1. Cut-off under 13 Å on the C-alpha distance; same-chain residues fewer than 8 positions from LYS14 excluded. Which aspartates and glutamates are left, in chain and number order?
2. Under a 1.4 Å probe, what is the accessible area of the chain per residue, stated in Å²?
3. Over the chain, what is the relative contact order in percent, taking alpha-carbon pairs closer than 8 angstrom and at least six residues apart?
4. Which semi-axes, in whole Å and largest first, does the equivalent ellipsoid of the chain have when worked out from the alpha carbon gyration tensor as the square roots of 5 times its eigenvalues?
5. Find, among the trypsin sites (Lys or Arg not before Pro) in the stretch 3-36, those assigned to loop by DSSP (not H, G, I, E, B) with at most 16 other beta-carbon atoms within 10 angstrom.
6. Please give every one of the lysines within straight-line cross-link reach of LYS11, meaning a C-alpha to C-alpha distance under 24 Å, and leave out same-chain neighbours fewer than 8 residues apart.
Amino acid sequence: MYKWTIKVILKCGKELNIYYVGDEKSSQAVADIVLNGDINTFNGFRSIDDSANIFIKVGEISALSISPTL
């Protein structure tokens, strides 16, 4: 399993830092997971401290930064 840190910037300007854990080996594969679905789809991810599940609406994402977590 690989752990990825994702910085999401929403259209409103708010920034969210989330984690994704999965078998994906590239940032492109992770981006495909984050952006999966139509504009009204909510996708869930882990909070940085692993205490919550954060759901993000695909259509509200303005930008992403994806990097491996060491």
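1. Partners found: GLU60.
2. On the way: 4480 Å² over 70 residues.
About 64 Å² of surface per residue is accessible.
3. Values: 129 pairs, mean separation 28.5, N = 70.
Computed value for the chain: 41 percent relative contact order.
4. Details: eigenvalues 64, 36, 26 Å².
Listed largest to smallest, the semi-axes of the chain are 18, 13, 11 Å.
5. Numbers: sites: LYS3, LYS7, LYS11, LYS14, LYS25; in loops: LYS11, LYS14, LYS25.
Sites meeting the loop and neighbour criteria: LYS11, LYS14, LYS25.
6. Within the straight-line limit of under 24 Å, LYS11 reaches these lysines: LYS57.
The values are calculated or read from the model by the stated rules, or taken from the named source; none is laboratory data. Predicted model, so just to flag it, every value in this text is computed and none were measured. Cβ: placed from backbone, ideal geometry, glycine included. Neighbour counts: every protein chain shown. Protein only, heavy atoms only, side chains kept; ligands, DNA and RNA dropped before computing areas. Shrake-Rupley method; radii C 1.70, N 1.55, O 1.52, S 1.80 Å.
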